[in-house]
Structure formats: structure tokens, C-alpha cells
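Every number in this text was worked out from the coordinates using simple rules, so none of it is lab data. A quick note: this is a predicted structure, and the numbers were derived from the prediction, not measured. A quick note on method: Cβ atoms are made from the backbone with ideal geometry, for glycine too, and the neighbour counts reach across all protein chains shown.
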Amino acid sequence: MKKTIVPFFISHQGCPHRCIFCNQEKIAGSNGDFPSPAEIRDKVTAYRRTSGCQGVDVAFYGGSFTSIPREDQLRLLHPLQNLLASGEVTSIRISTRPDSLNAEAAAFLSASGVCTVELGVQSMDDTVLEQAERGHCAADVEKAVACLKNQGISVGLQLMPGLPGDTWETSVSSLSRALALRPDFLRIYPTLVVAGTSLARRYAEGNYCPLSLAEAVNWCKMLLHHALLAGVPVVRMGLQPTTDLESAGTILSGPYHPAFRQLVEAELCFDLLRKLIPHCADTSEPLSLSCAPARIADVVGQKRSNIQRLVREHGVRIDRVQGDSRLAHFDIVVEGSSGIRRGSIVKDLCYSVENYHSETLDRSQKKEISHA
Ligand code: SF4
């Protein structure tokens, strides 16, 4: 059953400075004021009532939790202790910077009921981190993860492909270094140009060019595939669409799409179909596709984009896409006059730096995948 998370956005609290891409007030629509104990308890009660869940998770996002003064950390965590004891709150999560975590801080979090820590890693390439003015290096991430794991705390790592200086190669090597730390989950947020950031200024000056949507989808499908092979869940790709994020003047440029994850999943499905179809296709006969029922939208693609591309690029017609509950989540079956072929997105696709270069669209053309 999906967990209900009660989020508190403590925007920029504890941050030693502003990283070049970050404007939590714009993204989360919160000024970062600490909630009072009564506000914390009331919000937990409201979420429990509307979700129908006995217990909910509480999260403090949007700042550097372990860098805020310890007395303020205690003020936020204290009202949750009774709720943890009663089962009304099942766990606490926080997000923070890798360089503000050490063995003592991890022990404090564990003793305070924090079960999950999300680290803003962004990149494991020191040159990219330097250009993003993060103020920490990749080795800080490794130390922080070790401290958290020693306390039995679940670790989530956030990565941001497309930062200044990032390339497809550094993005892949960042992911590989992150996966080597055996995180419990990942979040992948392609870099956006958000108003009020240093990155926005660089963009306006012509000193930064974000990934196009097509590039970001292409990079992220390969990153997702690497994570799937490593067995590490990617719990989110692309920023959560909110009224604040989507309001005019917030995102100035970059690969934003409200259903970014679905674009990525649809690309993986298309790559598998492209591989399976030559084994089944007598192009004069239509093909039928089967997949797990929950995957039909990914196989078809947004606005039937995958079906249209199969016609356009491979000359095959698809007469049916059906759900089959016997199929695994990552499997697709193609049936045609020349036979039946079953494949798995995880096992049967292979992405490398080389095939990225052969597949990727010309960045200078700024061509967008058409989902209109
Ligand atoms: S990225 Fe993290 S550390 Fe940097 S300014 Fe934003 S919230 Fe603070």
C-alpha cells in the first residue's frame, strides 16, 4: 500500500548558501518558516483523516535539515515523538546536504525516529559540483551514506542530470558511483532554469544551455535502465507538477513536463518494441501487443506517440494493445503473422555511452520530442 507522506517544506533552512539552480520558494511555494508543534500535529491529523491511513510518514523537505541549529531540529522532531509512539506517525524523513552529515548527526537522527534521509547529491563529478557551487565534493556523499547506513537509516539520493559542465558521460559515471553506494532509492530531476537563481542569470547571459526535453528523456531512460539493472528503485523522475511550479515565470527554460516519468517509460517501451518487431513483422499484416495492464499507457505512449512512430519509422500497423495480467511489469509481447516474441525492458535492452551518441538528437537543433 502506498504510504501517505505529510510534507513540511522548510525551504532553505540550514542552507549555507544558495546552490546555483535552487529556488525552493518558487518550486515548493513555501517561505520556509518552521511549523509550530500545533501545526505539525494538526496537519498529521488532517492527512490521516483524508487518507484513511492509520499511520502516516512525516517529511521535512526543501532545506538542509542537519545544518539548522540543533535546538530547531529538536523543536521540529519533538512533537512527533508521541505520534510515533502511538503509531499515528510511522516514520520521519528529512532531506539534507551530504556535507552536513557525520556520525554524530546520523546517531541523533536515528535516536529521534528519523528512518529515511534524502541526500541532495546532484552529481558525483567534482567538476560539475564545483560549477554548481554546491560547496561539497563526491567524497562527502560517500562519507554521509556510510554514516547513515551505520545507523540503519534508509538513504535516498537525488541526482540532477544536465547541470553546467555535465555531459552524458559524467551523468552516467555519476549514476554508477551513486549506485555503488547501494542507496535504497533514487530521485532524478533533470536540471531546470528556475527564476531567481544564479543559473537563470547564466542562462540569460547565454552561458548555460539546458537539456532539451528530448535530450532529458533520452538521458533519463538510460539512467533509469541502469538503475533497474542495479535493482535500485527510482521513485521520481522530474519535478512534481504543482501550481507554484507551473505558474508563469517560474520555469524559464529546461526539460519540464508534468508527466516526465511517463515520457521516459514510453521511450523504454518503444526501444523494446523496436527490437522485437523485426522478428514478428510481415509488414502487410497488423501486429498486436500485450503487456501488464498497468503498462498500456506507457506502451502506447502519450497521445499514441509510440503507435504512430511504429507506423512512421517501421512501417508496421498495430491493431491491438491489450493488458495481460500474467505478464511481468517490464515485459512486452509482440504477435504477428511471422511469430510471437516476448521481451523485457530490463533484460533485453542495453544502453552504453556509444549507443547514446548514436541515438541522441542533435542538441544544437533543440529538437523536441513531439507529444503535442
Ligand atoms: S540545493 Fe539544497 S543545499 Fe542547495 S540551496 Fe537548495 S535546498 Fe539548499
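Taking the beta-carbon count within 10 Å as an exposure proxy, list Leu224, Leu74 from fewest neighbours to most.
Neighbour counts put them in this order, fewest first: Leu74, Leu224.
Just order 249-256, 334-341 by mean Cβ neighbour count inside 10 Å, highest at the front, would you?
Result, highest mean Cβ count within 10 Å first: 249-256, 334-341.
Ranking request for peptides 228-235, 182-189: highest mean number of other beta-carbon atoms within 10 Å first, then the rest in descending order. List each step's numbers first, then the result.
On the way: 228-235: 14.9, 182-189: 20.5.
Sorting 228-235, 182-189 by mean packing, highest first, produces 182-189, 228-235.
Any idea what angle helix 168-180 forms with the longest principal axis of the chain, computed on alpha-carbon atoms, 0 to 90 degrees, nearest 10?
Result, in degrees: 60.
Which residue, Arg18, Arg261, Arg326, tops the fluctuation ranking in a GNM of the chain built on C-alpha contacts under 10 Å?
It is Arg326.
R0 = 22 Å: FRET efficiency of Ser325 with Asp348, Cβ-based, nearest 0.05?
0.55
Neighbour counts of other C-beta atoms within 10 Å: give me Asp348, Asp125 arranged from fewest to most.
Taking fewest neighbouring Cβ atoms as first place, the list is Asp348, Asp125.
Where does helix 305-314 land angle-wise versus the long Cα axis of the chain, in degrees 0 to 90, nearest 10?
40
Given the Cα-Cα distance of Lys275 and Glu104 and 0.36 nm per residue of separation, how much length would full extension add, in nm?
So the extension gain works out to 56.4 nm.
To the nearest 20 debye, what is the magnitude of the charge dipole of the chain about its Cα centre, counting +1 on the Cβ of each Lys and Arg and -1 on the Cβ of each Asp and Glu?
Working: 39 positive and 40 negative charges, 151 e Å.
It works out to roughly 720 debye.
Please report, largest first and rounded to whole Å, the three semi-axes of the ellipsoid equivalent to region 65-110, where each semi-axis is the square root of five times an eigenvalue of the C-alpha gyration tensor.
They are 21, 11, 9 Å, listed largest first.
For region 5-258, what relative contact order do you get, as a whole percent, if you take Cα pairs closer than 8 Å and at least 6 residues apart? Write down the numbers at each step before the final one.
Details: 459 pairs, mean separation 46.4, N = 254.
Relative contact order comes out at 18 percent.
Can you report the principal axis dimensions of region 1-107 using only the alpha carbons, biggest first, rounded to whole angstrom?
Result, largest extent first: 40, 32, 27 Å.
5 Å is the cut-off here: which amide hydrogens, built 1.01 Å from N in the peptide plane, fall below it relative to Val89, excluding neighbours closer than 5 in sequence?
Val56, Leu84
Can you order the peptides 94-100, 203-209 by their average number of other Cβ atoms within 10 Å per residue, highest first? Before the final figure, lay out each step's value.
On the way: 94-100: 22.9, 203-209: 13.6.
Top of the packing list down: 94-100, 203-209.
Suppose only helical runs count, i.e. DSSP H with n ≥ 4. What mean residue ellipticity at 222 nm does that imply for the chain under -39500 (n - 2.57) per run, divided by all residues and rounded to the nearest 500 deg cm²/dmol?
Numbers: 15 runs with 150 residues, N = 372.
It lands at -12000 deg cm²/dmol.
Arg312 to Ala248: FRET efficiency via 1/(1 + (r/R0)^6), r the Cβ-Cβ distance, R0 35 Å, to the nearest 0.05?
0.55
In angstroms, what radius of gyration and Dmax does the chain have, counting Cα atoms only?
Answer for the chain, Rg first and Dmax second: 22.2, 72 Å.
May I have the convex hull volume per residue, in Å³, for the Cα set of region 264-348?
For region 264-348, the hull spanned by Cα atoms encloses 78 Å³ per residue.
Amide H of Ser123 versus every other amide H placed in the peptide plane: which residues, excluding those fewer than 5 positions away on the same chain, fall under 5 Å?
Amide H neighbours of Ser123, under 5 Å, 5+ apart: Met160.
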